[in-house]
1. Starting from one equal scatterer on each C-alpha and no solvent at all, send me the Debye-based log10 I(q)/I(0) for region 27-136 at q = 0.18, 0.21, 0.24 Å⁻¹, two decimals.
2. Hey, could you grab the Kirkwood Rh for the chain? Inverse mean 1/r over distinct alpha carbon pairs, Å, one decimal.
3. Using Cβ counts within 10 Å as a stand-in for footprinting exposure, how do PHE107, PHE142 rank, fewest first?
4. Take the alpha-carbon centre of region 132-177, take the same for region 53-113, and report the distance between them in whole Å.
5. Give me a comma-separated list of calculated 3J(HN,Hα) values for region 121-127, in order, Karplus coefficients 6.51, -1.76, 1.60 applied at θ = phi - 60°, integers in Hz, x for any Gly or Pro.
6. For a paramagnetic label modelled at 7 Å from the Cα of ASP163 toward its Cβ, which residues of region 106-138 fall within the zone defined by backbone nitrogen distances under 13 Å?
7. How do LEU205, LEU152, LEU170 line up, fewest other C-beta atoms within 10 Å first?
8. Using only Cα atoms and rounding to the nearest 10 degrees, what angle (0 to 90) does helix 42-54 make with the longest principal axis of the chain?
Amino acid sequence: MRKKLYRLYRGIYKSFGPQHWWPARTRFEIIVGAILTQNTAWTNVEKAIANLAKAKLLAPRSLKDIKKKRLACLIKPSGYYNIKAERLKSFVNFLYKRYGGSLKKMFSQDVQNLREELLGVKGLGKETVDSILLYAGKRPIFVVDAYTKRILSRHNIISDDKDYDSIQRLFMDNLPSDQSLFGEYHALLVRLAKDICKKIPKCNLCPVKKIL
């Protein structure tokens with residue numbers, strides 16, 4: 001399995017190169033993006049983040065102080081804006097209540113303990129939390145999404161009934177505990193799924209079908 005996962009990685013990397021993901025200027029912006037990207041395309045998230053940046057709200061204190069109604073209006077391009085405004089508020093309130101508003105203090109915690117804490121924040125699921133830990137916290141934890149499952153199942157690496165935790169363990173048990181590798185691998189899987197391994201796949205263009 002280790003060799004197969006490396007072949008998959010090298011095949012995608014050779015085709016697409018480094019993805020430079022997550023695109024953001026600060027750790028807090030990554031967290032905001034991870035929450036906003038739920039159930040929407042990244043292009044919509046970029047519009048919402050641009051609105052927040054223009055309003056000078058890409059900081060924990062700013063989001064803590066802003067009224068939820070105005071926040072929802074600013075992030076409207078991301079969809080489900082009332083729900084996402086609530087989730088952003090929930091995260092910021094957690095950050096201040098537990099860590100005095102300090103991301104540095106938050107990310108200094110043991111990764112598994114912090115993961116459990118974040119999963120307790122209303123509206124934050126495993127994919128969102130792991131994205132925060134991997135990309136904002138620079139912690140070696142693999143992010144699993146629908147794209148990951150689609151690609152692995154189509155190449156017979158996993159069965160369709162595998163859940164989030166078992167797929168995550170597949171990567172983390174067979175690859176070095178390396179944040180940079182995990183981040184690049186996840187980003188490359190997203191790129192492959194969006195460009196080629198779509199719902200209706202372009203199998204003739206797949207860069208890995210002959211090496212797996």
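1. Treating every Cα as an identical point scatterer, log10 I(q)/I(0) equals -0.82, -1.14, -1.49.
2. With all distinct Cα pairs of the chain included, I get 18.0 Å.
3. So the residues, fewest neighbours to most, are PHE107, PHE142.
4. 26 Å
5. 7, 4, x, 9, x, 4, 5
6. 126
7. LEU205, LEU170, LEU152
8. Compared with the principal axis, the helix lies near 30 degrees.
Just so you know, all these numbers are worked out from the coordinates, no wet-lab data involved. Predicted, not measured: the structure shown is a model, and the values here were computed from it. All Cβ positions, even for glycine, are placed from backbone atoms using ideal geometry, and neighbour counts span all protein chains on display.
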